[in-house]
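The values are calculated or read from the model by the stated rules, or taken from the named source; none is laboratory data. What you are looking at is a predicted structure, and each value in this text was computed from that prediction instead of being measured. Reconstructed Cβ throughout: ideal geometry from the backbone, glycine too, with neighbour counts over all protein chains shown. To get the accessible areas, we keep the full protein, side chains included, count just its heavy atoms, and leave off ligands, DNA and RNA. Shrake-Rupley method; radii C 1.70, N 1.55, O 1.52, S 1.80 Å.
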Amino acid sequence: MKTILVTGGAGFIGSNFVKIMLEKHPNYKIINIDSLTYAGNLESLKHIDRNYSNYEFIKTDIRDRSKIEEIFINYDITSVINFAAESHVDRSIEDPEIFLTTNVIGTQVLLDVAKRHWKLNPKDKYCREYKNGVKFLQVSTDEVYGALGKTGMFVETMPLMPNSPYSASKASADMIVRAFNETFGIPVNITRCSNNYGPYQFPEKLIPLMINNCLQDKPLPVYGDGLQVRDWLHVFDHCHAIDTVLHKGVDGEVYNIGGNNEKANIDIVKLIIKTLNKSSTIIKYVKDRPGHDRRYAINNSKITTQLGWEPSYTFEHGIKETIQWYLDNTEWIENIISGDYASYYDKMYS
Ligand code: NAD
Ligand code: TYD
């Protein structure tokens, strides 16, 4: 029996992960903690609360040490999957500070508390032995490697060269996770995934933003020349990869996760326009993002050959299904736009 502490489980990837894990591992207990920033949306987990007795949501900030301590005292946590983060590059350019406090200090608080509770002898500061089967899994991003030119791919041994405040904060978190593993021996893995798409993504990111603007006949803002390349992975594939690393990942190792789906932004925008029967005249080229990374591409051979994970979605199938999901779930997106989703916690939990 595992008790998994999922942080940031009301966000895009975390909420998909919670649902997949409850289905896949009915004997695990899932504790979801999330501070419900603008990106946290409990409506994404609407059907979960009542249907699973092995699931609990606790509104908590990962920087709040005493709350995290309390959770480790009240539950026999066996793994932490740390999704909680400020995740949007454009916001990190506007206001970097919260990216550092949440993404770096928050990760360090979680590690610190986990270390104390998982040590076999908590009083011995040099004790490097931990309870059986415990693991801290840091959900990171390929953006920590920086940008690629026309050729090459990210491999796990590359130096980290982050270019945005967001990616710098994620790289810093990776470093502190690594340091806790080296210095204190706490069991960890780090996963570095490429861009995700799929259901329940906040409409500030490329794909849901373009779908939503298309549906509202609003202009589609393409940064710069639109020829920047991202390597897209369906969120379900990412979640299954994390589950694989949780169970099979070798202590201290980093695993890249990607789906071999490199696409230029403009091609994705055109595909969305075509699928929704709109005119390409709604494309609006706008000023480029400062420090905009030109290309990301993941070499996923370590996770595929060593742990046996494979992506299951082709991009063509995944994007069609995703567009259809947004068409079928207009209420979810309307509640975000109107701001109503923010009151869901009070309605459900107060
Ligand atoms: P998201 O922004 O949709 O969700 C983040 C969640 O974290 C939200 O629910 C938010 O309320 C919560 N949160 C933020 N600050 C918090 C705090 N201080 N305490 C507790 N909760 C807090 O992000 P996402 O797209 O689901 O990404 C999840 C993780 O995966 C992030 O760590 C991100 O860096 C990483 N990642 C994302 C992608 C992607 O394409 N979206 C790709 C690779 C890695
Ligand atoms: P985004 O979804 O913000 O993810 P990231 O910056 O983490 O890769 O952006 C994906 C790509 O799409 C990125 O190259 C920036 C570009 N983009 C636009 O051209 N227009 C937009 O309105 C947004 C949000 C992104």
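Brief remarks on what is shown
- Scaled radius of gyration (Cα, divided by 2.2 N^0.38 Å) that the stretch 215-292 gives: 1.49
- Cut-off under 5 Å, modelled amide H: who pairs with V222 long-range: K284, Y285, V286
- With both residues required to sit in the chain, DSSP beta bridges show an antiparallel share near 10%.
- Area of Y52 that stays accessible when all protein chains are in place (1.4 Å probe, Å², to 10): 50 Å²
- For the stretch 212-289, averaging the sequence separation of C-alpha pairs within contact (under 8 Å, six or more residues apart) and dividing by the residue count gives a relative contact order of 55 percent.
- Phi to ³J(HN,Hα) by Karplus 6.51 cos²θ - 1.76 cosθ + 1.60 over the stretch 316-326, Hz, x for Gly, Pro: 4, 6, x, 6, 4, 4, 5, 4, 4, 4, 5
- Close amide-amide hydrogen proximity is noted between T141 and C193, each under 5 Å apart and 5 or more residues distant or on a separate chain (H modeled in the peptide plane; Pro and chain starts excluded).
- Short to long, the 10 Å bins of the Cα pair-distance histogram for the stretch 152-285 hold 11, 33, 31, 17, 7, 1 percent of all pairs.
- Debye-formula intensities of the stretch 242-350, expressed as log10 I(q)/I(0) at q = 0.10, 0.24 Å⁻¹, are -0.54, -1.21 (one equal scatterer per alpha-carbon, no solvent).
- Computed [θ] at 222 nm, deg cm²/dmol, the chain (DSSP H ≥ 4; -39,500 (n - 2.57); rounded to nearest 500): -11000 deg cm²/dmol
- Centre separation in Å (Cα based) which lies between the stretch 275-330 and the stretch 113-175: 25 Å
- Convex hull volume per residue for the stretch 181-221, taking Cα atoms only, in Å³: 111 Å³
- Between K46 and N27, the modelled labels are 3.3 nm apart [label points 7 Å from Cα along Cα→Cβ].
- Here the simple spin-label model places points 7 Å from the Cα toward Cβ, and for K150 and E129 these points are separated by 5.8 nm.
- Whole-Hz couplings from phi, Karplus 6.51/-1.76/1.60, listed for the stretch 277-282; x for Gly and Pro: 6, 9, 9, 5, 5, 7
- Here the contact order of the chain, divided by its residue count and restricted to Cα pairs under 8 Å and six or more residues apart, works out to 17 percent.
- Per residue accessible area of the chain, 1.4 Å probe, in Å²: 43 Å²
- The stretch 40-116: C-alpha gyration tensor shape, a/c 1.5 cut-off, then a/b vs b/c: oblate
- Near the amide H of V188, within less than 5 Å, lie the amide hydrogens of F136, G252, all on another chain or at least 5 residues away, with H placed in the peptide plane.
- Extension gain for W325-S312 works out to 2.9 nm (0.36 nm per residue, less the C-alpha to C-alpha distance).
- Largest to smallest accessible area among K270, K205, K123 [probe 1.4 Å]: K123, K270, K205
- Neighbours of F17, meaning other residues whose beta-carbon lies under 13 angstrom from its beta-carbon, give a summed charge of -2 when Lys and Arg score +1 and Asp and Glu score -1.
- Shape box of the stretch 96-207 [Cα atoms, principal axes, largest first, Å]: 50, 30, 27
- Reduced Cα scattering model of the chain, Debye log10 I(q)/I(0), q = 0.10, 0.11 Å⁻¹: -0.59, -0.72
- The Cα atoms of the stretch 82-162 give a gyration tensor whose axes a ≥ b ≥ c have a/c of 1.5 or more with a/b no greater than b/c, which makes the shape oblate.
- Per residue, the average separation of C-alpha pairs within less than 8 Å and at least 6 apart gives the stretch 113-213 a relative contact order of 30 percent.
- Percent accessible area from carbon and sulfur atoms, the chain, protein chains only, probe 1.4 Å: 51 percent
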